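What follows is one structure encoded as structure tokens, with my remarks underneath.
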Amino acid sequence: MWNWVRVCMGFWSLTVGASVLPSVAAAETKAAPKHIVIGVDEGARPYVVKSPDGLSGIDVDIIAQAFAKDGLDVHFVGLPAARLPLALDAGQVSAIMTYDFLDDRAACRTTPYRVWLDAVIAQPHFADDPDGLKDARFATFPGAYEILGDEMGPLRANLRDALTLATSTLAATGLYYRRFDAYVGDVVSLYYHYNQIESDGRPMPVVVKRLDPAVQFLVANDTDLCARFDAGFARLYNAEDYAAILQRHALSQETIGEMITALDTSP
């Protein structure tokens with residue numbers, strides 16, 4: 001989460017972005033165009049993976065295949081999370097991925113296409129001593145206290161005072177080198193980055209408290225585009241192609257089951 005749209009950028013960001021991204025404002029008509037531009041968070045591995053060959057990842061595959069089911073071709077533009085709403089405002093992208101409803105600046109949001117499996121993930125010894133977390137050092141993602149504070153119970157103050165980290169890469173590195181005791185955020189992202197670290201055999205961090213999953217969706221200024229994504233996603237999901245995408249990205253059967261269950265029960 002991550003990775004998350006919570007930072008307010010200045011006017012210069014929008015000005016620079018306008019010179020880099022093609023404007024799609026003229027193409028946003030009542031009927032969605034055949035070729036659309038989707039803004040994605042370039043730092044949200046493994047959901048979006050930026051490489052010299054372009055953008056890939058779980059979300060990229062889900063979004064592309066859902067729109068393809070409804071006959072639309074997608075071009076992805078990777079941006080820092082904080083610039084995604086600005087790009088949508090400026091008409092530089094047709095839609096953006098987010099967990100923020102953005103009701104004050106977007107005409108519609110799609111059905112959720114994924115969830116963040118949020119949890120308290122801690123050093124291994126806390127598995128046998130969860131009460132010890134009350135005195136532990138926490139880290140989390142930007143905006144976590146506002147989103148998850150009510151779910152933390154006796155650990156609410158720990159989250160309020162937590163070190164804020166911009167990426168799951170920093171979270172994984174900090175846990176590995178024991179810079180803090182626990183991280184509050186997405187399990188999939190954290191373990192993905194932790195497994196990239198060259199390990200000396202030390203035990204993996206453990207999930208000591210599950211939190212309510214947060215949904216991820218697209219927001220756009222074209223209601224027809226949202227409707228077409230929803231139609232394509234329903235076909236993708238019902239055909240079990242969705243689970244196949246998650247399997248292709250090496251998610252465990254347990255994690256896939258958690259994601260699908262959370263999506264099935266999301267509002």
Quick one: is THR255 surrounded by fewer than 20 Cβ atoms within 10 Å (Cβ to Cβ) and either of a type in the set (Asp, Glu) or within 19 Å of the chain's Cα centre (by Cα) (or both)?
-> yes
Selection over the stretch 179-229 where residues are closer than 11 Å to VAL120 by Cβ and of a type outside the set (A, V, I, L, M, F, W, C) yields a count of 6
Selection status of ASP100, within 13 Å of the chain's Cα centre (by Cα) and at pLDDT 95 or above | no
Which residues, taken from the stretch 110-133, are modelled with pLDDT of 95 or more and among the charged types (D, E, K, R)?
-> ARG114, ASP118
Just need a number here: residues in the stretch 115-171 that are closer than 22 Å to TYR47 by Cβ and not in a helix (DSSP H, G or I).
-> 16
Determine whether the stretch 109-119 contains at least one residue that is over 30 Å from TYR183 (Cα atoms) and not assigned by TED's automatic domain parsing to the domain that holds LEU190.
-> no
Examine the stretch 90-97 for a residue that is assigned to a helix (DSSP H, G or I), not hydroxyl-bearing (Ser, Thr, Tyr) and not assigned by TED's automatic domain parsing to the domain that holds GLU146, and state whether such a residue exists.
-> no
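Can you list the strands (runs of 3 or more DSSP E) lying wholly within the stretch 31-75 that have 2 or more residues being in the same structural domain as ASP186 (by TED's automatic domain parsing), of a type in the set (Gly, Ala, Ser) and farther than 20 Å from ALA166 by Cα?
Details: elements: 35-41, 49-51, 54-56.
Per the criteria, no element qualifies.
The values are calculated or read from the model by the stated rules, or taken from the named source; none is laboratory data. Keep in mind the model is a prediction, meaning the values are calculated, not measured. Counting neighbours? That spans all protein chains shown, and the Cβs are built from the backbone with ideal geometry, glycine included.
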